[in-house]
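Visitor: Below: one structure in C-alpha cells.
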Amino acid sequence: MADSSHNHDAHDDHGLAHPVPLKLLFAVFFTLVGLTILTVITGQMTFAGFDLALAMVIATCKATLVCLIFMHLKYDKPFLGMIFLFSVLFVGLFLAFTFLDSNEYNADINEWVRDNMTISQ
Amino acid sequence: MTPSTNTLERTNYLNATKGFMSWFWTIDHKRLGLMYMWSVIAAFILGGFFALKIRMTLMPGAVDFANQTAEQMNAYNNAFTVHGAVMIFLVIIPSIPAALGNFVVPIMLGAKDVAFPRLNRFSYHLWIIGALLFTGTFFIGNLDTGWTFYPPYSTGSTDNTVILATLGAFILGFSSIFTGLNFIVTIHKMRPANMTWFRMPLFLWAIYATAVIQILATPVIGISLLLLLVEKTMSIGIFNPELGGDPVFFQHLFWFYSHPAVYIMILPGMGVMSELFATFSRKPIFGYKSIAMSSLAIALFSFIVWGHHMFLSGQSQLMSVIFSALTFSVAVPSAIKVFNWIATMYKGSVAFTTPMIYGMSIIWLFGIGGLTGLFLATLGTDVQFHDTYFVVAHFHYVMVGSALFGFIGGIYYWWPKMYGRMADNAMTKLAWLLAFIGFNLTFLPQFVGGSRGMPRRYAGYGTEAGYDSFNYWSTIGAMILAVGLTMALGTLIYSMFRGRKAPSNPWGGVTLEWQTPTPPPEHNFEIDAFPVGDPYDMNLCEYKGEEEGFLPVNPRADDPCVADVAIDPVYFEPESENAPA
Amino acid sequence: MSSTTADAHAGGHGHGHDHPKHLAHHFETLEQQYGSGKLGIWTFLLTEVLFFSALFVAYTMYRAQYPEVFQFASQYLDTNLGAINTIVLLFSSLTVAWGVRNAMLGQHKMLCINLLLTLACAGGFMGIKYVEYSHKFHEGTLWGGHVDSIFKADPADISEDMKEHSHAWNGDGELVAVKDLDPVFRQRLGLFFAVYFCLTGLHGIHVLIGMILLTWLLLRAMKKEFGPDHFGAIDFGGLYWHLVDLIWIFLFPLLYLIS
C-alpha cells in the first residue's frame, strides 16, 4: 500500500486537481467515527430540549468534514461550495415557510380531532 | 440568387449526415433544438385540440346543460386536465429553453456545442418518453384530476391513469433538470475569452436564470409526484388525513415547484424580447444591467411566493398574508424589463418585421397578464377571484400571450439561421394579426366573467347563470386564434421549401449567432477566435441590401465562409488589450 | 484562456495543435473539460439535495406536530444496526475518496481495490437494510396504509397474524399491546413509518444507483482507463457517493436517535 504521493511534482503538470494527502483522509475518517459514537451516546441521554439541536450540530460537523475533505471543497473554487450552501438555503426556506404554515393550522386540526374523531375500540 | 453567406447549397448541419438515426441519435445541439421545436409544436397541437374541445363544450347551446350525462362531464374534466398538463409539461416549459436555447446558446457563445452533448440528447429522449406516457393515458382511462393532481381525489377515487400521468410528468421533470444543468455549465465554462458576464447577450442571462430555477425547483415536483405515486399505489399515508397525513402539504410541495415553473416559462420569453427589441430598434438595449439583474431577481424571488396559489386551501392566515406581501415584490423586476424594452425603442429605428411585431404585441399582452396578477396577489381580491375565470384569463395572458408569443417570435427571429430561409411577409403578419385578435377575444371576456363569479373547471353553466355572452365570444375568439396559429405554422413550413434564401445576418443583430453562415456548419463556426465586444453595438454591421442582409463594417481577412464576397468580413471591432492569442 | 478551436476544418489556424486523447470535441482544454464536469456534478448534487428536501420537510412537520408519536415509534428502529450502517457508509466514503486520489496518481491497482471496497460497503449497507426492512414487514411495524400494519386506528383492521407481534414499550417502561394504545396515537405511529420508509427507501434507491455507477467505474478502472489527466469520472462518481453518505449522516440521528 506504498503511497507515492510525494514522488510527483510539487504542482501536478496537468494541474487538474490536487490529491488529498492520505493521512488527512484517514484522520477525517476516524474523526467521523468518533463523532458517530458521540452522537449515539448523547442520543441515549436527554438534554432538556436540546436533543435534536445537539444531534444536528454533530451531524453538521460530520457533514462539513465530508464536504471539505472527502468532497474536496477545501481545495476547490469557492463557487462550488456556494452552490451546495445555496441548495441547503433553499431547503431551509421551503422548510421554514411550510413548517410555519402547518404549525399555525395544526392546533385547529388537533382540536377538531380531539372533539370529533371517534374510533371504535 | 443565393446570398453569399447562405450555405443551403453547400454542406451545413442540416444535410451533413442523413437518415433517421443521424437525427434521433445526434448530439448536435442544433439538430436537438430543431427536434425539440417540432416535438413541442406537435404537443401544442395536441393540447390545442383539447382547448378547442373545452371551448366547444362551453359554447352556449352546444351541450344540453340540464341533461348532461356523467360521462360528458367526466370527458370535460379530462379535457381540461389533459390540456393543462400537456401544455404546461410538454409545451411551455421546454419550449424556449429546449428548442431555441439548444439551437442558439452554444452559437451565441462561440462554442461548438453545449457542455454535455450526450446529456442533451438524453434530455430529449426523456421528453419523448414523458410525452408517450402522457398520451398513453388516453388509452387506459379518464384522467380528470386537473393538471394539479391534488389529493385526496388523485390518491383516492380517481382511476389509475393518474399513475401513468404523474410518471410522465416525473420523467419530464428530469428532462427539464438536465437541460437546465447543461445550460448552467455551458454558460459558466464555455464563454469565449472576452465575453465577461456583462458582455453576454441578454438571452443568455435569461436562459441562465431559467436554468437556475429549473435545477432548484424541478426536483421538488419530482419528489412530490413520487410521493403521490407512492400514496396512490401503496397508501403510504403522507397526504391522507385518515392515516395522519396532510393534503395541504401536497399543495405546498406542488406549488414550491409550480410557481417558479411559471418563471421558467416566462423568463426565456423575456430573453427573446430583449434580443428582438435591441435588434429591431437598431439600438443597444436600454438598461442592460438592470435587465440582467432583474432576470436573476425574478428567478430568486419566484421561490418565496408559492403560497399565493393556496390562499383558499386551508393555508394559515399568517402565511397567506406573508405570501401576499412577498408576491408584490415579483412584479417589480418584470416591470423594470417592460420599461427597458419600451425605452429601447425610443429614438430607435424600428423595423416592423414579424418577430418584432410579436415582440411589441407582448408588451400589451404581458402588461395585461402581469397587472391582473396583482389582483390575484392581493389576498382580499383573490378570495373573490380564486377558482374563477379571472385566474384562467390571467395565466393565459402570461403563458400564451407572453411565453408562447415569445416562443413564436423567437422562432421567426432565428428561423433564417435554422433553415437558411426567410419567413417574414404579409402572410406571417396576417397570421399574427389573427392570432392576436383571436387571443384577446378569447380571454378578455374571461376576465369580466370571472370577476362576476364564473367558476373554472365547470362543464357548463346554464343560461340563468348569465355567462353566456362571455362564453360565446370566448369561443369565437378561440376559433380565430386557432386559425391564426395554424396559419403561422403554415407560413413557417411553406418557407422551409419556398422561402427566400436568407443571408447570414438578415436582421442586423450583432450577437455571435449572426456571425456564422446560415444554416451553420456542423461545428458552428468556420473561423477561429474572434474578439467579443458589446453584443448590442449596432454600428458594427451595416445594411447591404435585402439579399446580402447586414455585413460587418470591418471585415476580417481569414473568414473562409464568405470568401466569395468582395469584402472580407470581420464581425467585431477587436479590442486591443484583449486580442486573441 | 484562449478559445482557439482545434478544428481540423479551420483554415490555417490550430492545425499543429495536439488534441489530447481524452478531450471531447467540443472542449478546448482539459481544464475546461474537467472544470465543466465538476460544475456539472455539483449542480446535479444540488438537485439531489432539493429532491430529498420534501421528505425532510415532511419529517420536520410531522415530528413537530406529533413529538410523542415520533419518540415512541423510534424505539422500533434498531440503533445498533443504524450505527453500523453509518460507519459502513463513512468507511465507503473514505475508500472512494482514496480511490480518487489513486486515480489522480495513476495507481491503478489501488484504485480497483478501493472501488471494490466501496462496492462491498454499499452491498453491506443494503444487506443490513434488508435485514431491517424484513424485520419490519414481519413485525407489521409499517406505514398505516399497508395491509399488514399494526398501526391502524381501528384494532379490528389489524390482521390476525400480526396481532401477536404488536407489543411495545410505553413511556413507563411497561410492555403493552399496541392495540391497547390510544387509537389516534396508534394511527399516527403509522405516519412515522411512512416517513421512515420514504426517507430510507429513497436513500436506498440512491445507494443502488450508486452501486451500479461504482460497478461501471470499476470495470473501466480494471481496463486502466483512468490516469492523472483523465480521472474525472472517478472524481464525479465519488462525489455522488459522498452525497449518499451525507444524507445518511443526517437520516441516522433523525430517525434512530429520537430519545
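The values are calculated or read from the model by the stated rules, or taken from the named source; none is laboratory data. None of these values were measured; they are calculated from a predicted model. Glycine also receives a Cβ, built like all others from the backbone with ideal geometry; neighbour counts cover every protein chain displayed.
Visitor: Working carefully through the options C:P253, C:P228, find the one that is at the interface with another protein chain (Cβ under 10 Å from one of its Cβ atoms) and without any contact (Cβ under 8 Å) to a residue 24 or more places away in the chain.
Guide: When all the criteria are applied, what remains is C:P253.
Visitor: Which of the residues that make up the stretch B:423-435 are surrounded by fewer than 22 Cβ atoms within 10 Å (Cβ to Cβ) and either among the acidic types (D, E) or in contact (Cβ under 8 Å) with a residue 12 or more places away in the chain (or both)?
Guide: Hits for the stretch B:423-435 are B:N425, B:M427, B:K429, B:L430, B:L433, B:L434.
Visitor: Picking from B:G438, B:G462, which residue would you name as being out of contact with any Cys (no Cβ under 7 Å at 6 or more places or on another chain), buried (at least 18 other Cβ atoms within 10 Å of the Cβ) and not hydroxyl-bearing (S, T, Y)?
Guide: On inspection, the qualifying residue turns out to be B:G438.
Visitor: I've got another one for you. Take the residues in the stretch C:90-125 that are within 14 Å of the chain's Cα centre (by Cα), among the small types (G, A, S) and away from chain A (no Cβ under 11 Å), then tell me which one is surrounded by the most Cβ atoms within 10 Å (Cβ to Cβ).
Guide: Within the stretch C:90-125, the match that is surrounded by the most Cβ atoms within 10 Å (Cβ to Cβ) is C:A122.
Visitor: Kindly indicate whether A:L85 is more than 7 Å from every other protein chain (Cβ to nearest Cβ) and part of a helix (DSSP H, G or I).
Guide: yes
Visitor: What single numbered condition from (1) at pLDDT 95 or above; (2) under 30 Å from C:R188 (Cα atoms) fails to hold for C:S74?
Guide: Among (1) at pLDDT 95 or above; (2) under 30 Å from C:R188 (Cα atoms), the lone unmet condition for C:S74 is (1).
Visitor: Okay, next question. Would you point out the residue of the stretch C:35-63, among those that are more than 10 Å from chain B (Cβ to nearest Cβ) and hydroxyl-bearing (S, T, Y), that is surrounded by the fewest Cβ atoms within 10 Å (Cβ to Cβ)?
Guide: For the stretch C:35-63, the residue satisfying everything is C:T60.
Visitor: Condition first: more than 13 Å from chain C (Cβ to nearest Cβ), surrounded by 21 or more Cβ atoms within 10 Å (Cβ to Cβ) and part of a helix (DSSP H, G or I). Can you find one or more residues in the stretch B:135-145 that meet it?
Guide: Taking every residue of the stretch B:135-145 in turn, at least one turns out to be more than 13 Å from chain C (Cβ to nearest Cβ), surrounded by 21 or more Cβ atoms within 10 Å (Cβ to Cβ) and part of a helix (DSSP H, G or I).
Visitor: Would you mind stating whether C:L243 is in contact with a helix residue (DSSP H, G or I) (Cβ under 8 Å, 6 or more places away or on another chain), within 14 Å of chain A (Cβ to nearest Cβ) and modelled with pLDDT of 95 or more?
Guide: On the way: in contact with a helix residue (DSSP H, G or I) (Cβ under 8 Å, 6 or more places away or on another chain): yes; within 14 Å of chain A (Cβ to nearest Cβ): yes; modelled with pLDDT of 95 or more: yes.
Criteria met by C:L243.
Visitor: Additional query: Out of B:I221, B:I215, B:I177, which single residue is facing chain C (nearest Cβ under 7 Å), surrounded by 23 or more Cβ atoms within 10 Å (Cβ to Cβ), within 24 Å of the chain's Cα centre (by Cα) and under 15 Å from B:F89 (Cα atoms)? Before the answer, list the steps.
Guide: Working: B:I221 fails: facing chain C (nearest Cβ under 7 Å); B:I215 fails: under 15 Å from B:F89 (Cα atoms).
Only one candidate qualifies: B:I177.
Visitor: Follow-up. Step by step: first the residues of the stretch B:270-302, then only those that are of a type in the set (F, W, Y) and over 18 Å from the mean Cα position of the chain (by Cα), then the one that is nearest to B:G401 (Cα to Cα). Which residue is that?
Guide: B:F280
Visitor: From the list C:G145, C:G190, which residue is at pLDDT 75 or above, buried (at least 18 other Cβ atoms within 10 Å of the Cβ), in a helix (DSSP H, G or I) and not aromatic (F, W, Y)?
Guide: C:G190
Visitor: Name the single residue that is surrounded by the fewest Cβ atoms within 10 Å (Cβ to Cβ) among those in the stretch B:308-333 being in contact with an Asp or Glu (Cβ under 7 Å, 6 or more places away or on another chain) and within 11 Å of chain A (Cβ to nearest Cβ).
Guide: B:L318
Visitor: Pick from the stretch B:491-544 the residues that are at pLDDT below 85 and of a type in the set (A, V, I, L, M): which of them is nearest to the chain's Cα centre (by Cα)?
Guide: Only one residue tops the list, namely B:V532.
Visitor: Could you check the stretch B:55-90 and list, in sequence order, the residues that are farther than 24 Å from B:I163 by Cα and part of a helix (DSSP H, G or I)?
Guide: Correct list: B:R55, B:M56, B:T57, B:L58, B:F65, B:A66, B:N67.
Visitor: Also, I was wondering about something else. Is there a residue in the stretch C:222-239 that is closer than 30 Å to A:L38 by Cβ and of a type in the set (A, V, I, L, M, F, W, C)?
Guide: Yes: one or more hits.
Visitor: What's the number of the only condition in (1) under 17 Å from A:L52 (Cα atoms); (2) touching a residue at least 12 places away in the same chain (Cβ under 8 Å); (3) more than 7 Å from every other protein chain (Cβ to nearest Cβ) that C:P67 fails to meet?
Guide: With respect to (1) under 17 Å from A:L52 (Cα atoms); (2) touching a residue at least 12 places away in the same chain (Cβ under 8 Å); (3) more than 7 Å from every other protein chain (Cβ to nearest Cβ), C:P67 is out only on (2).
Visitor: Looking at C:I87, C:I128 in this structure, which one is closer than 24 Å to C:G237 by Cβ, within 9 Å of chain A (Cβ to nearest Cβ) and of a type outside the set (F, W, Y)?
Guide: Going through C:I87, C:I128 in turn, the sole match is C:I87.
Visitor: If a residue has to be surrounded by fewer than 16 Cβ atoms within 10 Å (Cβ to Cβ) and within 21 Å of C:V244 (Cα to Cα) to count, how many in the stretch A:34-55 make the cut?
Guide: Selection size over the stretch A:34-55: 2.
Visitor: Return yes when B:M190 is at the interface with chain C (Cβ under 10 Å from one of its Cβ atoms) and among the hydrophobic types (A, V, I, L, M, F, W, C) and no when it is not.
Guide: Values: at the interface with chain C (Cβ under 10 Å from one of its Cβ atoms): yes; among the hydrophobic types (A, V, I, L, M, F, W, C): yes.
Yes.
Visitor: Continuing with the same structure: Please work out if C:M211 is under 20 Å from C:I128 (Cβ atoms), away from every other protein chain (no Cβ under 11 Å) and not small (G, A, S).
Guide: yes
Visitor: Related question: Can you tell me which of (1) surrounded by fewer than 18 Cβ atoms within 10 Å (Cβ to Cβ); (2) among the aliphatic types (A, V, I, L, M); (3) modelled with pLDDT of 95 or more is the one B:I362 doesn't meet?
Guide: (1)
Visitor: Another one. Which residue, of B:R452, B:R456, is surrounded by fewer than 20 Cβ atoms within 10 Å (Cβ to Cβ), in contact with an Asp or Glu (Cβ under 7 Å, 6 or more places away or on another chain) and closer than 22 Å to B:N440 by Cβ? Steps first, please.
Guide: Numbers: B:R452 fails: in contact with an Asp or Glu (Cβ under 7 Å, 6 or more places away or on another chain).
Going through B:R452, B:R456 in turn, just one is surrounded by fewer than 20 Cβ atoms within 10 Å (Cβ to Cβ), in contact with an Asp or Glu (Cβ under 7 Å, 6 or more places away or on another chain) and closer than 22 Å to B:N440 by Cβ: B:R456.
Visitor: Also, quick follow-up: Is there a residue being away from chain C (no Cβ under 14 Å), buried (at least 23 other Cβ atoms within 10 Å of the Cβ), modelled with pLDDT of 95 or more and within 30 Å of B:M345 (Cβ to Cβ) anywhere in the stretch B:545-568?
Guide: No; the residues of the stretch B:545-568 include none that is away from chain C (no Cβ under 14 Å), buried (at least 23 other Cβ atoms within 10 Å of the Cβ), modelled with pLDDT of 95 or more and within 30 Å of B:M345 (Cβ to Cβ).
Visitor: On to the next question. I'm trying to understand the selection: among the residues of the stretch A:53-75, which are facing chain C (nearest Cβ under 8 Å) and without any contact (Cβ under 8 Å) to a residue 12 or more places away in the chain?
Guide: A:M56, A:A63, A:M71
Visitor: Okay, next question. Return the residues of the stretch C:64-87 that are of a type in the set (A, V, I, L, M) and crowded, with 20+ Cβ neighbours inside 10 Å; say none if nothing qualifies.
Guide: Result: C:V69, C:A73, C:L77.
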